[in-house]
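In what follows, a single structure is set out as structure tokens and then discussed.
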Amino acid sequence: MKREHIKKNENEDFVAARVMAVFTGAIVMLWGLTYLWRAYDVAGTFFAALKINNILIGVSGFGLLASVIWAVADIRSGRFNKEKVFNGVMIAVFFAVLLASALLTRYSYNVAKRVLYVTIPGCAILHLIYSSYQREFFFCCLNQFVVGCCIWVMARTYSADMALGATVAAVAVCVLSSALFLAAGRRGGQVSFGGFKCRVYDEKNISVKAFCLLYLLTALLAVAAYLLGVPYAYYMLYGVIALVVAAAIYYTVRLI
């Protein structure tokens, strides 16, 4: 009993340290990007900001490649430790987010301001959910977050092609999420990618059909947002948020 208590305390300390590291990284990244966006707004520092932006793209691209190689090597050799605060996968995720942010800023820093102020904190919150809640709730939130971003694009863009692309992406994510749960249902709640195993849900008696219906409903909300357009797309977005809030209340009550 004492050993189990020590193990539980160690796990809680690890989760707290990992969450703190992720939120610190998100804050530092947003802080640095904010200064970069301000430099773009001033004529005298515009070209300096452009050079810094290009350097960020190169550094983050190289860092992503190196960290992916590191993670794959650790997984294949059996040295991968998911209970380390910093491992190859976590470093790869950081550089992937930084690279995406730098590329979006290079494309349009005004768009980056609106998008990254939501997506970067959103990624940090998703990690908190991943560390603290059941896996099925995390994948549900991940699906709703991506679809919500796609619906937000539909509501904000004036481009018919971009709105259609966002709709296709949202439906594809819902289909992929359903396929992931169905595949995990045949393998005790987890799927394997080479030597890497991913647990999709923790509860043994989970209803896979219920989650597939949830993803179907989410896909229908995305299609409705595209067909109805503004301002109804915002109501569809509120519907996605309502689904997440309802699930959050359910799983939070279960944790208490």
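Every read-out reported here was derived from the displayed coordinates using simple, explicitly stated rules and does not represent laboratory data. Quick caveat: nothing in here was measured; it's all calculated off a predicted structure. Note: ideal-geometry Cβ built from the backbone for every residue, glycine included; neighbour counts use all protein chains shown.
Which shape class applies to region 116-155: rounded if a/c is under 1.5, otherwise prolate when a/b exceeds b/c and oblate if not, where a ≥ b ≥ c are the square roots of the Cα gyration tensor eigenvalues? Please report the intermediate quantities before stating the final value.
Numbers: a/c = 5.01, a/b = 1.61, b/c = 3.12.
Oblate.
Take the Cα radius of gyration of region 10-63 and divide it by 2.2 N^0.38 Å, with N its residue count; two decimals is plenty. In units of the globular-protein estimate, region 10-63 measures up at 1.57. Put a plus charge on the Cβ of each Lys and Arg, a minus charge on the Cβ of each Asp and Glu, and nothing anywhere else: the dipole of the chain about its Cα centre is then about 480 debye. Within the shell defined by Cβ-Cβ distances under 15 Å, the residues around Gly148 carry a net charge of +2, with Lys and Arg each +1 and Asp and Glu each -1.
Cβ neighbours within 10 Å, averaged per peptide: list 93-103, 36-46, 147-157, 209-219 in order, most packed at the top. Write down the numbers at each step before the final one.
Working: 93-103: 19.5, 36-46: 13.5, 147-157: 21.7, 209-219: 17.5.
Going by the mean number of other Cβ atoms within 10 Å, highest first, we get 147-157, 93-103, 209-219, 36-46.
If you take the square roots of the eigenvalues of the alpha-carbon gyration tensor of the chain and sort them as a ≥ b ≥ c, do you get rounded (a/c under 1.5), prolate (a/b over b/c) or oblate? Cα axes put the chain in the oblate bin. Membrane-span-like helices of the chain, defined as complete DSSP H segments with a Cα extent of 15 Å or more along the helix axis and a mean Kyte hydropathy of at least 1.6, are identified as 88-107, 160-185, 208-228. Estimated from helical segments only, the mean residue ellipticity of the chain at 222 nm is -29000 deg cm²/dmol, where each DSSP H run of four or more residues counts as -39500 (n - 2.57).
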